[in-house]
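Inspection log for the structure reproduced underneath, given as structure tokens.
The values are calculated or read from the model by the stated rules, or taken from the named source; none is laboratory data. Just so we're clear, the structure is a prediction, and the values are computed from it rather than from any experiment. With ideal geometry, Cβ positions are generated from the backbone for all residues, glycine too; neighbour counts draw on all protein chains shown.
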Amino acid sequence: MDILGYARRTSHFGISFQRGTVEGFSLQVYADADFASKAADRRSVSGGIVTCGGGAVSWFSRTQKCVTLSTTEAEYVALGDVVKEILFLRQIWRFMLPQVGMPCIPVFEDNQGAIQVAQNPISNSNSKHIDVRHHFLRELVERKESSVIHVPSPYQRADFPYEEFVEGCIRVSP
């Protein structure tokens with residue numbers, strides 16, 4: 001019954017996009033994590049939002065598949081999750097607009113440690129245990145297909161809890 005109540009309370013929500021040229025249509029991507037928030041198994045939760053033209057085109061909130069040992073690692077895994085979403089959207093972009101090149105896509109992250117792990121291929125004592133499958137993000141940064149940019153926490157659009165996250169993604173339509 002909670003689902004029906006939620007649908008009734010939010011039936012006036014909608015997504016709006018700003019009109020503009022195809023060249024000016026850039027993706028803005030935000031990633032965030034909630035470290036060890038699942039009480040039963042202590043898994044972290046990844047969250048992400050991708051906007052284009054001012055409106056949300058993709059968003060998610062899901063439990064991470066691995067247990068992370070620090071906030072930095074949880075944020076780094078969340079970055080990887082959102083970059084997988086970017087790769088999917090990039091394929092759609094190339095199919096729909098093959099004549100328009102895809103620029104380097106910035107991902108906004110509020111954890112400086114996760115940004116350092118993404119940009120620095122040298123492992124240290126704090127990051128050497130991170131599974132290699134999460135490091136594909138580094139390759140995208142090296143190839144300049146994506147970049148990771150710090151955003152102060154108050155401006156982090158993919159922040160938790162989930163209800164605030166959804167309200168930040170979807171604006172009330174007139």
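Given the criteria farther than 10 Å from ASP32 by Cα and touching a helix residue (DSSP H, G or I) at 6+ places or on another chain (Cβ under 9 Å), does THR63 qualify?
Working: farther than 10 Å from ASP32 by Cα: yes; touching a helix residue (DSSP H, G or I) at 6+ places or on another chain (Cβ under 9 Å): no.
Against the criterion (farther than 10 Å from ASP32 by Cα and touching a helix residue (DSSP H, G or I) at 6+ places or on another chain (Cβ under 9 Å)), THR63 does not qualify.
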Filter segment 65-88 for residues that are surrounded by fewer than 18 Cβ atoms within 10 Å (Cβ to Cβ) and not charged (D, E, K, R); the one that is nearest to GLU109 (Cα to Cα) is THR71
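Kindly indicate the residue of segment 23-37 that is surrounded by 10 or more Cβ atoms within 10 Å (Cβ to Cβ) and modelled with pLDDT under 80 and also farthest from VAL50 (Cα to Cα) among those meeting that condition. Give the steps one after another, and end with the answer.
Within segment 23-37, the first condition is being surrounded by 10 or more Cβ atoms within 10 Å (Cβ to Cβ), and the residues that meet it are 23, 25-37.
If we keep only those that are modelled with pLDDT under 80 too, we end up with 23, 25-26.
Values: GLU23: 17, PHE25: 12, SER26: 10 Å.
The extreme case among them is GLU23.
Restricting to segment 139-150, name every residue that is hydrophobic (A, V, I, L, M, F, W, C) and surrounded by fewer than 19 Cβ atoms within 10 Å (Cβ to Cβ).
Correct list: ILE149 only.
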